[in-house]
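These notes are about the structure you will find just below.
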Amino acid sequence: MTRSSAPGKVYLFGEHAVVYGEPAVPCAIERRARVGVERRDDDKLRVHAEDLSLDGFTVEYGGRTDDRPDVDVSESLIEAAMGYVDEAIAQVREVTDEPAAGFDVTIESDIPLGAGLGSSAAVVVAAIDAATRELGVTLPREELADRAYRTEHAVQEGQASRADTFCSAMGGAVRVEGDDCRPLASPELPMVVGFDGGAGDTGALVAGVRSLREEYDFAADTVEAIGDVVRNGEDALAAGDLDELGRLMDFNHGLLAALGVSSRSLDEMVWAAREAGARGAKLTGAGGGGCVVALDPTAETETALRYLPGCEDAFRAELADEGVKRLE
Ligand code: MEV
């Protein structure tokens, strides 16, 4: 039995635009997915998941999802979760050259699914790491990030950047532009996350931005403008200038809203944070529902979000310096 954990993340800047080659800066946060893997003596895959905001499910199957788990949660969330595990195991079989390896996989996660905190990337990174080690192969973090990216790329039908998976494997703040991925030095950031209890459909949201971008030159310009915000954001991060970081996060949120990926509850949380004195606030991840991230060294934003009717949870997010952790 091997166990690995990997962190979720927030985007300080650059989601969606990163899919079209603009830079992005995600930061890993101390909310983790933990995956335990045990080799079976047949070629089957059994997955048991807890705390995925799915009430827990267990499913056993011999190949692609041919059994439906009997739980009362959205079919699309189950399918999404199973699709990621399936493809992660396909990557493991390929990289270890063990095409017939079967596994019992147990997943626990304190990252809500589809909420913009990188739940799927964290599960995929931890699953690939634990399953390869179970077969006696320890991948360097960069290769682990690459295999996790291939998993997301396959499941999301080519609509994925390397940002989520690289950040989860490496930890800390990172910069991703196309295939160029590198760690970034970051000061300790006073990040507060607000969660509306909902989830967005990453594939549909990415497809929506893609069609806007194809239809309107000004939507393509908006995507490029996000790239400019990110480049300015990198300078502000290097200088540790919280006021400038906040201003740029506000700008980034406005551009994402123009691309149609915000929602009423995300906008309400962003405004509650700003009115509480946050230096800046924006949605994080694919949008449509889920989480916002704000910068506030005081307790005001967290308190304001807790009292906001549309906010289900608010918490301070510590930067996770370590990406994947090898637990057993
Ligand atoms: C989703 O967490 C972030 C997006 O930019 C998609 C991606 O980068 O793969 C919307």
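Quick notes on this structure:
- Within the stretch 128-156, the residues that satisfy the criterion of being of a type in the set (A, V, I, L, M) and assigned to a helix (DSSP H, G or I) are 128, 130, 131, 144, 145, 148, 154, 155.
- Tallying residues that are within 11 Å of the ligand (Cβ to nearest atom) and either small (Gly, Ala, Ser) or assigned to a strand (DSSP E or B) (or both) within the stretch 162-184 yields 3.
- Any hit, the stretch 229-248, residues being touching a Pro at 6+ places or on another chain (Cβ under 6 Å) and more than 19 Å from residue 262 (Cβ to Cβ): yes
- The set of residues in the stretch 233-244 being free of Cβ contacts under 8 Å to residues at least 60 places away in the same chain and more than 17 Å from residue 281 (Cβ to Cβ) consists of 235, 238, 239, 240.
- Subset of the stretch 102-153 (residues that are within 16 Å of the ligand (Cβ to nearest atom) and either of a type in the set (S, T, N, Q) or over 16 Å from the mean Cα position of the chain (by Cα) (or both)): 109, 119, 120, 151
- Between 206, 229, the distinction of being within 18 Å of the chain's Cα centre (by Cα) and in a helix (DSSP H, G or I) belongs to 206 only.
- Of all the residues in the stretch 1-46, those that are part of a loop (DSSP other than H, G, I, E, B) and away from the ligand (no atom under 16 Å from the Cβ) number 6.
- Selection status of residue 192, hydrophobic (A, V, I, L, M, F, W, C) and away from the ligand (no atom under 14 Å from the Cβ): yes
- Annotation for the stretch 215-238: at least one member residue is under 19 Å from residue 193 (Cα atoms) and more than 16 Å from the ligand (Cβ to nearest atom).
- Residue 222 within 18 Å of the chain's Cα centre (by Cα) and of a type in the set (S, T, N, Q): no
- Residue 159, sole failed condition from (1) within 11 Å of the ligand (Cβ to nearest atom); (2) outside any loop (DSSP other than H, G, I, E, B): (2)
- Total residues in the stretch 312-328, condition over 19 Å from residue 163 (Cα atoms) and buried (at least 22 other Cβ atoms within 10 Å of the Cβ): 1
- Any chance residue 83 is under 20 Å from residue 156 (Cα atoms), small (Gly, Ala, Ser), touching a helix residue (DSSP H, G or I) at 6+ places or on another chain (Cβ under 8 Å) and modelled with pLDDT under 90: yes
Residue-by-condition table, conditions (1) more than 27 Å from residue 314 (Cα to Cα); (2) in contact with a Leu (Cβ under 6 Å, 6 or more places away or on another chain):
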| residue | (1), (2) |
| --- | --- |
| 207 | yes, no |
| 220 | yes, no |
| 224 | yes, no |
| 230 | no, no |
| 236 | no, yes |
| 246 | no, yes |
| 252 | no, no |
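- Answer from 305, 248, 266, 256 - the residue that is assigned to a helix (DSSP H, G or I), among the aliphatic types (A, V, I, L, M), in contact with a Gly (Cβ under 7 Å, 6 or more places away or on another chain) and over 17 Å from residue 16 (Cβ atoms): 305
The values are calculated or read from the model by the stated rules, or taken from the named source; none is laboratory data. Computed from a prediction, not measured in an experiment: that's the story for all the values here. Reconstructed Cβ throughout: ideal geometry from the backbone, glycine too, with neighbour counts over all protein chains shown.
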